[in-house]
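Worksheet: one structure, shown below.
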Amino acid sequence: MTENGLLQITLYLAALLLLAKPLGLYMAKVYENRPLFLTRLLGPLEAGLYRFSGVDPEQDMRWQDYAAALLWFNLFSGLAVFFLQILQAWLPLNPQHLANVSFDSAFNTAVSFATNTNWQGYSGETTMSYLTQMLGLGVQNFVSAATGMAVLIALVRGFQRTHAAGIGNFWTDLTRGVLYILLPLSFVFALVLVGQGVVQTFKPYQSIPLVEQVSSAATAPAEQTTQTIAIGPAASQIAIKQLGTNGGGFFNANSAHPFENPTPLSNFLEMLAILLIPAALCHTFGAMVGNPRQGWAILAAMTMVFVSLLFVTWGSEQSGNPALASLGVEQSVSVNQAGGNMEGKETRFGIVNSAIWATATGAASNGSVNSMHDSYTPLGGMIPMWLIQLGEVIFGGVGSGLYGMLVFALVAVFVAGLMIGRTPEYLGKKIEAFEMKMASIIILIPAFLILGGTALAVIVDAGKSAIANPGAHGFSEILYAFSSAAGNNGSAFAGLGANTPFYNTALGISMLAGRYGIIIPVLAIAGSLAAKKTVPTTIGTLPTDTPLFAMLLIGTVLLVGALTFVPALALGPVIEHLIMNGTH
Amino acid sequence: MTPTQHKQPLFSWQILLAALGDTFLKLAPRQQWKNPVMFVVYTGSLLTTGLWLWGLFNGGDDSASFMLGVTFWLWFTVLFANFAESVAEGRSKAQAAALRSAKRDIVAKKLDEPRYNAPYVKVTSPALRKGDLVLIEAGDFVPADGEVIEGVASVDESAITGESAPVIRESGGDFSSVTGGTRVLSDWLMVRVTANPGEAFLDRMIAMVESATRQKTPNEIALTILLVALTLIFLLTTVTLLPFSIYSVETAKSGTPVSITVLVALLVCLIPTTIGGLLSAIGVAGIGRMMQKNVIATSGRAIEAAGDVDVLLLDKTGTITLGNRQASAFLPIGEITEKELADTAQLATLADETPEGRSIIILAKQKFNIRERKIHELGATFIAFSAQTRMSGVNIGERQIRKGAADAIRRFVEAQHAKFPPEAMRLADIVARHGSTPLLVADGGRVLGVIELKDTVKGGIKERFGELRRMGIKTIMITGDNRLTAAAIAAEAGVDDFLAEATPEAKLKLIREQQAEGRLVAMTGDGTNDAPALAQADVAVAMNSGTQAAKEAGNMVDLDSNPTKLIEIVETGKQMLMTRGALTTFSLANDLAKYFAIVPAAFASTYPALGALNIMRLDSPSSAILSAVIFNALIIVALIPLALKGVKYRPQNAEALLRNNLLIYGGGGVIVPFVGIKLIDLGLTALSF
């Protein structure tokens, strides 16, 4: 661990926490339909959209109607992306004349982008036309993120309201989220990225003469004199992929690619964008329930887990590989090198900025990468995986992270509430059998998908044949893939050849169930809470805005995550770590 | 607080022996199915038993002695949970049996018409129906619940209350109900039967105690859902370990896949068996603890609600104050002497048999040695207190002497075209401001002065209210007194708020207001006019001495008729919830140590390097797993006393309470199994298992 590293981490956290508050309060205004500076600009457009699509913005939906609207919309979105892919060869904006995508891959990608997962079984530059990228994937980056935020806001309304039948209007929540939050932020961010050198063009890929000609087995006998450089409308996509916790890169190498992430500044801003909205939503929550401290408690819990685990990743990567050390490889930090385990990392980012990104992308269900997680040390790679397995609630996806965390808060309050001798309540709402039933489903579904999917993959040949590295590491690759899909994260341990019908289907199903299997019970909780009376707070009430509660919440999340995944992790990263260190 | 209680030791030999028998009866699958967590253990035990038997003849996937050891202790886990439940039920059954002994067929004298010496026929109590009239004379048992319509008698109610001092039952008013199974000691009562056989109070009490195990409370249901979810997670964790293990063996090319016996052992250790096994015992014990406090709850739900109470409505008289207002001073006005006032006051009080009335006569005698006079010797007529005039007194010839509340006397004086002296009003206000009750005395149109009736606040009550405030419970005093008196007493007793000049409607309104703001309201009551408020309150404790209507409206009955008991009821409710929460936390925290024991052991043959996680340095894989299973079974037995007694409750705010309990049950739950499993492992190794 270096001073420079500490400085960078401090700078990152400070910038994040400073920006989160104003953005959070702004978002609360957006969802509470209060007048904004942007209303004058975009208000007519918003009203026009409602008129055009026949939506009554005043309609208050019951949770069932809200869920139905959401599901129909997402189904439509998924189908649109699916058809764009399987028809792209005949559609415009395809300068490279890329072929139609196979059905199973198109299914996987459609699901992946509609569910805000952005798992990529394909490589962008050789598979997707510009049209598919922009109209299909780019649009989904916006609306899938706005969908997650809408569900969160509906849940928050459940806490706000008393004896209410409705939890808001999905169409307005979706529209306002895109129009007033995601679009303006992405617009500004994309311009900054272009300024840093991220490409944004409709030109076809460029053929560039090589400075030094090469010949290889592939080109033999002729010498290779040119290289095709993939370009395209990337910056607009990168901005929203970072902000909307999407993570699906324009290019296969994602943000390790110099055209996606060229400079230290672009790297810093992109890392910031990963956690910005999820952190800010905590303040939105605090503002909307009328007690900013409630938001702070949750943000503090998230930050503490994030920072602790970041130090594990960083420490593990910085200390390098003892097996290499015994071969005399220099892994210490010096003026000339970052030291530690640099395999799979960009030299321009080094250890710290790779570790921050890896931890943040695992925490936030973003899934973009600037280094390859497969090449991390066993423990360094375990952290992003475990963060996903915790339920993507440490910051988590936009909206989805906080609604997941609030469900954990319900569980924490339930057990702790009993310990103070009252039937449990959170924010004035009694937590009863129905909420516990839904919370149980929400916790069970990802566990079932991850452990069940991995179990299936390690016994069938279709699963095992895709493993690049046998042994415990191969096991980790599969476990990571299912964690990533079920948690709607989208990052990958690259060693797994996952673009096969088996994985496309199994992971596609995991993404679907991991998204909607949770959204529906969350909305059900929102509906149930909204219908309840609000109990006044006394000193006999369990306070949920104190450091003690933040600790309790951390304890609950970590305990559930540990108890569920310890045996599986023991057979993957943990044993790999023990063997690597030669502790026999 | 309570004069006598059904004192019962935590365990008695009879209960333990009876429970032992029940323990085995509960092995029936139908019984096990009711508790999902323990059903998993039960199924696991059957599975390992089968595997062991199969292994004996065909060679199993683990050593026979290991499988037998695990099987043996899994069955013990099931039995220990059964035992806990049986002990809790046994205690309740003992209480029910004591109640039932009071219920036997009694020969009743059924009257033909409502007259004391009307002819009667002798019938047995089960033949009595609602509306029948019975005569109960000294020495007779009361054959059924009923309402006294004539007569006054002392009744021994010790059979249901445990209270040996007899109580007075009389027609009219709030002491008119009698309970079947009690005995009339003196005089006679004519009673109208109010309950058909099987519906009487005693029947309902017995049914309640006996059905305590069958109905789950809402919170218990919610907790069970959480426990089932956890069980499912662990089922998933252990079931998927088999393919994971097979894959690991394939790829590491060493060792054998984990055996089913080890997986079952791991599963049983991980699922929350501690709380799962003790959950129903906690519920039964909660009702049992209420009974020890001589409170009969009509449902477990009511006890649970008691833990949540935000507002306590307490009657001033009898709850906050001793309730016997005593005359403490004569305060004359104008040139009237204190003795003159005392003399007239005594005259006005002669026929007044209330304790307050008696105290005026006693004070007059103490201060001025005024002899008691006989009302008929004076040729006086007694004017009784009525709700309309709100005065009482005597008429001696033309002389009209009255005593009563200030505004009543004012009306009386002004009705005679006399002037009501402002000094009297001022004096009355001063008295009221001291928390005493002013009684004005008037002789015709002339106001003589004020009698001060003083009510004493119970010792220690202020501290009790302080505790309640720390628990976050607001206390509201209900009184018929005027605002000034009420405010003074409220300040002296330390209640948070008061409702003065309370009428039944005002009480009901107050409860509704509090509930509309989302608060849970508890109250006690005994009179028929309390019934609507009792029915509206969330926790309503009726006094056993109260009317039948009050008892019907409440959801608990206090056999001691002690209104302060409400505070203890709240504590018992909280204790029950806390015990559940504490054991759940403890159960989950235990899993950490169990992972450290079992995971390295289960994969020792494939990945010896995992031995690094064996931080307890347990002797061998088989002793590690067995130690964890044994610990898991023994901890249930060790916690039975805690489940029955309940977690200790000290009134403090939520944050402090949570911090303490998290430390004890969460922190303890992490540490205890590390120590316990290590000790058991040392023991097993010493026995060279």
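The values are calculated or read from the model by the stated rules, or taken from the named source; none is laboratory data. This one's a predicted model, so the numbers in the text were calculated from it and none came from an experiment. In this analysis, Cβ positions are derived from the backbone assuming ideal geometry, glycine residues included, and neighbour counts consider all displayed protein chains. All accessible areas refer to the heavy atoms of the entire protein, side chains included, with ligands and DNA or RNA removed. Shrake-Rupley method; radii C 1.70, N 1.55, O 1.52, S 1.80 Å.
Total residues in the stretch B:339-356 satisfying the condition of being loosely packed, with under 15 Cβ neighbours inside 10 Å and modelled with pLDDT of 85 or more: the figure is 0.
Just give me the residues in the stretch B:533-548 being open to solvent by 10 Å² or more (accessible area, probe 1.4 Å) and in a helix (DSSP H, G or I), in sequence order. Residues satisfying the conditions are B:535, B:536, B:548.
Residue B:601 passes every criterion in (1) open to solvent by 10 Å² or more (accessible area, probe 1.4 Å); (2) touching a residue at least 12 places away in the same chain (Cβ under 8 Å); (3) closer than 18 Å to residue B:666 by Cα apart from (3). With respect to the conditions (1) in contact with a Gly (Cβ under 7 Å, 6 or more places away or on another chain); (2) in contact (Cβ under 8 Å) with a residue 40 or more places away in the chain; (3) among the hydroxyl-bearing types (Ser, Thr, Tyr), residue A:201 lacks only one, and its number is (2). The set of residues from the stretch A:520-567 being more than 27 Å from the chain's Cα centre (by Cα), hydroxyl-bearing (Ser, Thr, Tyr) and either under 30 Å from residue B:599 (Cβ atoms) or more than 8 Å from chain B (Cβ to nearest Cβ) (or both) comprises A:528, A:537.
Of all residues in the stretch B:478-528, those satisfying the criterion of being closer than 21 Å to residue B:325 by Cβ and part of a loop (DSSP other than H, G, I, E, B) are B:479, B:480, B:481, B:482, B:494, B:495, B:500, B:501, B:502, B:503, B:526, B:527. Does residue B:170 satisfy being over 30 Å from residue B:67 (Cβ atoms), at pLDDT 85 or above and charged (D, E, K, R)? For residue B:170, the condition - over 30 Å from residue B:67 (Cβ atoms), at pLDDT 85 or above and charged (D, E, K, R) - is not met. Please indicate, with yes or no, whether at least one residue in the stretch A:302-314 is surrounded by 20 or more Cβ atoms within 10 Å (Cβ to Cβ) and among the small types (Gly, Ala, Ser). No, because not a single residue in the stretch A:302-314 is surrounded by 20 or more Cβ atoms within 10 Å (Cβ to Cβ) and among the small types (Gly, Ala, Ser). Could you check the stretch B:229-284 and list, in sequence order, the residues that are on the phi > 0 side of the Ramachandran plot and within 7 Å of another protein chain (Cβ to nearest Cβ)? Once the filter is applied, which keeps residues that are on the phi > 0 side of the Ramachandran plot and within 7 Å of another protein chain (Cβ to nearest Cβ), the stretch B:229-284 yields nothing. Taking the stretch A:461-554 as the region of interest, the helices (runs of 4 or more DSSP H) fully inside it that hold 3 or more residues being open to solvent by 30 Å² or more (accessible area, probe 1.4 Å) and farther than 23 Å from residue A:445 by Cα are A:461-464. Only one entry of A:166, A:177, A:197 meets the criterion of being within 19 Å of residue A:237 (Cα to Cα) and either polar (S, T, N, Q) or open to solvent by less than 10 Å² (accessible area, probe 1.4 Å) (or both), and that entry is A:177.
Of all residues in the stretch B:588-610, those that are touching a Pro at 6+ places or on another chain (Cβ under 7 Å), within 8 Å of chain A (Cβ to nearest Cβ) and under 22 Å from residue B:254 (Cβ atoms) total 2. If you check A:275, A:299 for being in contact with a Cys (Cβ under 8 Å, 6 or more places away or on another chain), modelled with pLDDT of 95 or more and over 17 Å from residue A:376 (Cβ atoms), only one passes: A:299.
Each residue in the stretch B:459-477 was checked for being in a helix (DSSP H, G or I), touching a Ser or Thr at 6+ places or on another chain (Cβ under 8 Å) and under 19 Å from residue A:538 (Cα atoms), and 4 of them qualify. Inside the stretch A:46-72, residues that are open to solvent by 90 Å² or more (accessible area, probe 1.4 Å) and part of a helix (DSSP H, G or I) make up a count of 3. The one condition from (1) farther than 21 Å from residue A:380 by Cβ; (2) of a type outside the set (Val, Ile, Thr); (3) assigned to a helix (DSSP H, G or I) that residue A:246 does not meet is (3). Restricting attention to the stretch A:329-347, the residues that are open to solvent by 20 Å² or more (accessible area, probe 1.4 Å) and farther than 20 Å from residue A:247 by Cβ add up to 13. Restricting B:675, B:670, B:637 to those that are within 14 Å of chain A (Cβ to nearest Cβ), among the β-branched types (Val, Ile, Thr) and in a helix (DSSP H, G or I) reduces the list to B:670. Checking the structure you have, find out if any residue of the stretch A:428-443 is on the phi > 0 side of the Ramachandran plot, surrounded by fewer than 24 Cβ atoms within 10 Å (Cβ to Cβ) and touching a residue at least 60 places away in the same chain (Cβ under 8 Å). Scanning the stretch A:428-443, I find at least one residue that is on the phi > 0 side of the Ramachandran plot, surrounded by fewer than 24 Cβ atoms within 10 Å (Cβ to Cβ) and touching a residue at least 60 places away in the same chain (Cβ under 8 Å), so the answer is yes. Of the helices (runs of 4 or more DSSP H) that lie entirely inside the stretch A:349-460, those containing 1 or more residues that are within 13 Å of another protein chain (Cβ to nearest Cβ) and farther than 28 Å from residue A:7 by Cβ span A:378-389, A:400-419, A:433-459. For residue A:120, the stated conditions do not hold, so it cannot be described as at pLDDT below 95 and more than 30 Å from residue A:505 (Cβ to Cβ).
Per the conditions (1) more than 28 Å from residue A:291 (Cβ to Cβ); (2) part of a helix (DSSP H, G or I); (3) of a type outside the set (Asp, Glu), the sole criterion not satisfied by residue A:559 is (1). Residue A:570 satisfies every condition listed in (1) without any contact (Cβ under 8 Å) to a residue 24 or more places away in the chain; (2) among the aliphatic types (A, V, I, L, M); (3) away from chain B (no Cβ under 13 Å) except (3). Which ones in the stretch A:74-84 are closer than 26 Å to residue A:165 by Cα and open to solvent by 40 Å² or more (accessible area, probe 1.4 Å)? The one that is closer than 26 Å to residue A:165 by Cα and open to solvent by 40 Å² or more (accessible area, probe 1.4 Å): A:75. Scanning the stretch B:277-327 for residues that are of a type in the set (Lys, Arg), modelled with pLDDT under 80 and surrounded by fewer than 24 Cβ atoms within 10 Å (Cβ to Cβ) yields B:301, B:325. A search for C-beta distances below 9 Å between a residue of the stretch A:263-283 that is in contact (Cβ under 8 Å) with a residue 12 or more places away in the chain and any residue that is of a type in the set (Asp, Glu), counting only pairs 6+ apart in sequence or on different chains, returns A:266/A:260; A:267/A:346; A:270/A:260. Can residue B:223 be described as facing chain A (nearest Cβ under 10 Å), out of contact with any Lys or Arg (no Cβ under 8 Å at 6 or more places or on another chain), modelled with pLDDT under 95 and assigned to a helix (DSSP H, G or I)? No: the conditions fail for residue B:223. Of the listed requirements (1) crowded, with 18+ Cβ neighbours inside 10 Å; (2) away from every other protein chain (no Cβ under 11 Å); (3) more than 24 Å from residue B:81 (Cβ to Cβ), residue B:662 misses just one: (2).
For the stretch A:208-242, a residue qualifies if it is part of a strand (DSSP E or B) and closer than 17 Å to residue A:258 by Cα, and the qualifying residues are A:208, A:227, A:228, A:229, A:233.
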